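**Student:** Here it is, the structure, as structure tokens.
Values in this text are rule-based calculations from the coordinates and carry no lab data. Here the structure is a predicted model, which is why all the values come from computation and not from measurement. Positions of Cβ are generated from backbone atoms using ideal geometry, with glycine treated the same way; all protein chains shown enter the neighbour counts.
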Amino acid sequence: MHGVSRRSTAVLAVLVLLAVAVAAGLITSRGTSAHEPAHSAAGPLSLTVSNSTTGRRIPAGFLGLSLEYTAIEPYAGTDPKAINPVLVQLFRNLTPNQSPSLRIGGDSTDWVWWPVAGATKPGGVRYALNDRFIKVTAALARDLSAKLILGIDLEMDSATDAVAEANALVQGIGQSSIQGLELGNEPELYGSFTWYKNKSGVDVKGRPPGYDFSDYLGDLSRVGKALPTGVPLAGPATGGPRWIPELGSFLSAEPRVKVATLHRYPLQQCYIAPSQPQYPSVAHILAPSASQGLADSIAPYVGVAHAHHASLRIDEMNTVSCGGAPGVANGFVSALWALDASFEMARVGVDGVNFHTYPKAPYELFTFKRVGGKWQGDVAPEYYGLLAFAQAAPPGSSLLRLSGSLGDVRAWATRAPDGTTHVVLINDDTARSQKVDVRIAGAGGPATLELLRGKGLSASSGVTLGGQTFGTATKTGTLQGHSTATTLALKSDAYLVRVPQASAALLTLPPPPVG
């Protein structure tokens, strides 16, 4: 489900009522679920961070990426002995000291195949995988120590072709690097969306009209049992509101599935009126329905997956699907959304999220080119939001319970395994800065403050984190420039944090000294 493809997020229409309900019950502090009145503008807002934790620890590999098959070589290069080092570093920034999750799939899952001798290429296949692709993917996985979720074409409806593709990928990449084989992509759309046009120009769908979940289970069983044994399966790779509730039936029918995968996009461009909460706009991407509501739509299925001994990943996620939305999908506002939405998904207990990107996507996280034989990258605003989350939520962190009166400010806090406390404040107010008195249980020393800032909510460049930036052409994949991080002293048992309009603040309190 992504920006300019045949896929539409009309399947998200069911979230309209949820969005309205969440908007009506806007909370002031995301870690608490408690409704508080907005604080008067006369004085600072207030936030109290307790020692009490809530929910599950944030697991290693929580933050991942999702790439189309067609994105691998444009991003990583064509030489398996010289993988793009800027891409590798940008990925490592998001997953320091972890084995990251990399999902390769999306719409291109059902557009690729591994050529089979004597077989006719299926009509909907646009790309043939080859040895070079597999070697590059294997080298990228090794460089990152990544665990891969690999899409396998199900829409072509051929067990023979699917097995050939799966065998080539497993043998060429290595079973130890594969977290799961994901059969198909958004199969709920097979019976209604065009897979290809025949020679007469007639639209051909992947399945007959009326193709439903039970039909899909039959296909999955028939094809899945032929795939290489010993390799877990992933799925159902759906964002459909009528299919997501079938997750329990899906997992019961397919015990080889060890990674349950769902897709979420808060906004869509197609078939949506500007007045609807899913229509792409700055106001709608900042609304609670776009982050809190998105996570709440998934929350009931975390327990379902875990009861079937499977993890649950939102393995395709981003801002806007089915068309572009300049100033929203590629604007600084996407960074604030990504930061908040990642925390929301952690709040409801999902095991990970994979942010989707590919060349020319409306929400593309980065672009690359070679200059003088050297790689350099241009990093989009949304990436900065993911980087801020990675800093504030290292693996093993616990969310802390919050209380207070925050008005237009959203708040999160974590306790890292080493005892470091991180507090995130997101100011949605586009007109004025906010001052927040932050009280942290057990705090006794100075804290460090960094700001996530942009030139404007719709600006597609000029983003800084702690005063540092990747600029317009990073050759290293690391932040550059003078850090503007400041030290805040504890005064009257609180840290007074000023959060500029339309920005985020990251407050870090080191663990108390031992002894």
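**Student:** Rounded, prolate or oblate: which one fits segment 77-189, using the alpha carbon gyration tensor with axes a ≥ b ≥ c (rounded when a/c is under 1.5, else prolate when a/b beats b/c, else oblate)? Can you show the working numbers first?
**Tutor:** Numbers: a/c = 2.16, a/b = 1.71, b/c = 1.26.
Prolate, because a/c is 1.5 or more and a/b exceeds b/c.
**Student:** So which trypsin sites (Lys or Arg not before Pro) in segment 319-389 end up in coil per DSSP with only 13 or fewer other C-beta atoms within 10 Å? Could the numbers behind the result be given before it?
**Tutor:** Details: sites: 347, 360, 369, 370, 374; in loops: 360.
In loop regions of segment 319-389 (DSSP not H, G, I, E or B), the sparsely surrounded trypsin sites (Lys or Arg not before Pro) are 360.
**Student:** Go from 0 up to the bin containing the longest alpha carbon distance in segment 189-237, width 5 Å each, and give me the % of pairs per bin.
**Tutor:** P(r) for segment 189-237, in whole percents per bin: 5, 18, 20, 19, 16, 12, 8, 2, 1.
**Student:** Continuing with the same structure: Cα atoms only, the chain: Rg and Dmax in Å?
**Tutor:** Values for the chain (Cα only, Rg and Dmax): 22.7, 79 Å.
**Student:** Loop only per DSSP, at most 10 neighbouring Cβ atoms within 10 Å: give me the trypsin sites (Lys or Arg not before Pro) in segment 141-225, ordered by residue number. If you can, show how the numbers build up before the last one.
**Tutor:** Working: sites: 142, 147, 197, 199, 205, 222, 225; in loops: 199, 225.
Passing both the DSSP loop test and the Cβ count: 199.
**Student:** Add -39500 (n - 2.57) for each DSSP H run of 4 or more in the chain, then divide by its residues: what number comes out at 222 nm, to the nearest 500 deg cm²/dmol?
**Tutor:** Working: 12 runs with 123 residues, N = 515.
The helix contribution divided over the chain gives -7000 deg cm²/dmol.
**Student:** Now for a different question. Order of 258-268, 154-164 by packing, highest average Cβ count within 10 Å first? Working shown, then result.
**Tutor:** Details: 258-268: 25.8, 154-164: 19.9.
Ranking, from highest mean packing down: 258-268, 154-164.
**Student:** Still on this structure, please answer the following. Taking every eigenvalue of the Cα gyration tensor of segment 67-364, multiplying by 5 and rooting it, what semi-axes result, largest first, whole Å? Write down the numbers at each step before the final one.
**Tutor:** On the way: eigenvalues 151, 109, 86 Å².
Calculated on Cα positions only, the semi-axes equal 27, 23, 21 Å.
**Student:** Still on this model: What is the count of Lys pairs in segment 67-364 whose alpha carbons sit under 22 Å apart, if the two are 8 or more places apart or on different chains?
**Tutor:** 9
**Student:** Note down the nm distance, to one decimal, between modelled labels 7 Å out along Cα→Cβ at residue 175 and at residue 489.
**Tutor:** So the two model labels end up 6.3 nm from each other.
**Student:** Something else about it: Based on the mean of other Cβ atoms within 10 Å per residue, sort peptides 288-295, 305-312, 501-508 so the most packed one is first.
**Tutor:** On the way: 288-295: 24.8, 305-312: 18.8, 501-508: 22.2.
For the peptides 288-295, 305-312, 501-508, the packing ranking is 288-295, 501-508, 305-312.
**Student:** Also, quick follow-up: Rounded to a whole number, what is D in µm²/s for segment 417-511 from Stokes-Einstein with the Kirkwood radius over alpha-carbon pairs (37 °C, 0.692 mPa s)? Walk me through the numbers before you get to the answer.
**Tutor:** Working: Rh = 14.5 Å.
Value of D from the Cα-based Kirkwood radius: 227 µm²/s.
**Student:** What is the distance in Å between the Cα centres of segment 60-82 and segment 216-295?
**Tutor:** 22 Å
**Student:** Continuing with the same structure: Kindly work out what percent of the DSSP beta bridges joining two residues of the chain are antiparallel, to the nearest 5. Provide the component values of the computation, followed by the final result.
**Tutor:** Details: 50 of 93 bridges.
Beta bridges within the chain, antiparallel portion: roughly 55 percent.
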